[in-house]
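Below are the structure tokens for one structure; questions will follow.
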Amino acid sequence: MTLEEQLIQRYFDAFNRHDIEGVMACFHEAVTVIGATGTASHGHEEVRRQCESEFALFPDANCELRVCTGNSGRGVAESYFHGTRPRDGKVVEAIGAEIMEIVDGKIKEIRDYHQPLPAKAA
């Protein structure tokens, strides 16, 4: 496993534990996270708020890492997201990929390409 792949695995593990300190430890000081809708968060403060908001919105959020590859400062992860909004019980599922730039052993940029899956029939 490359250093980039190990970092991606640590990031997903921390996310799935809802370990905000563990997630933030994976990020470069000048981190940028570009969400699936194109909204960008820059720097530790904004990215921390984004992660905390996501954990609050989806207390059971889990992102299953399905494919992970990386080297030479780049990484790609395909994942399946599953979470339930407590306010209305709506289950949200999405599948997609995160493209990552890695600098000095930390994630400097994530571009998220997740797409929601259609609601399942009851």
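Looking at (1) at pLDDT 95 or above; (2) open to solvent by 20 Å² or more (accessible area, probe 1.4 Å); (3) within 21 Å of residue 117 (Cβ to Cβ), which is the only condition residue 90 fails?
(1)
Could I ask something else about it? Can you name the number of the only condition in (1) in contact with a Leu (Cβ under 8 Å, 6 or more places away or on another chain); (2) at negative phi; (3) surrounded by fewer than 16 Cβ atoms within 10 Å (Cβ to Cβ); (4) touching a residue at least 40 places away in the same chain (Cβ under 8 Å) that residue 85 fails?
So the condition that residue 85 fails would be (4).
Just give me the residues in the stretch 71-82 being outside any loop (DSSP other than H, G, I, E, B) and in contact (Cβ under 8 Å) with a residue 40 or more places away in the chain, in sequence order.
Selection gives 71, 74, 75, 77, 79.
If a residue must be open to solvent by 60 Å² or more (accessible area, probe 1.4 Å) and within 16 Å of residue 17 (Cα to Cα), how many such residues does the stretch 55-71 contain?
The qualifying residues number 6.
With respect to residue 8, determine if the residue is over 14 Å from residue 106 (Cβ atoms), at pLDDT 95 or above and surrounded by 14 or more Cβ atoms within 10 Å (Cβ to Cβ).
Spelling it out, it is not the case that residue 8 is over 14 Å from residue 106 (Cβ atoms), at pLDDT 95 or above and surrounded by 14 or more Cβ atoms within 10 Å (Cβ to Cβ).
Filter the stretch 1-41 for residues that are acidic (Asp, Glu) and over 19 Å from residue 59 (Cβ atoms) and give the result.
4, 5, 29
Here is a list of conditions, (1) out of contact with any helix residue (DSSP H, G or I) (no Cβ under 8 Å at 6 or more places or on another chain); (2) charged (D, E, K, R); (3) loosely packed, with under 13 Cβ neighbours inside 10 Å, and residue 74 meets all of them except one; can you say which number that is?
(1)
Taking the stretch 21-36, which residues are open to solvent by less than 30 Å² (accessible area, probe 1.4 Å) and either at pLDDT 95 or above or in contact with a His (Cβ under 6 Å, 6 or more places away or on another chain) (or both)?
Across the stretch 21-36, the qualifying residues are 22, 23, 24, 26, 27, 31, 32, 33.
The values are calculated or read from the model by the stated rules, or taken from the named source; none is laboratory data. As the structure is a prediction and not an experimental result, all values here were calculated from the model. All Cβ positions, even for glycine, are placed from backbone atoms using ideal geometry, and neighbour counts span all protein chains on display. With ligands, DNA and RNA removed, areas are computed over all heavy atoms of the protein, side chains included. Shrake-Rupley method; radii C 1.70, N 1.55, O 1.52, S 1.80 Å.
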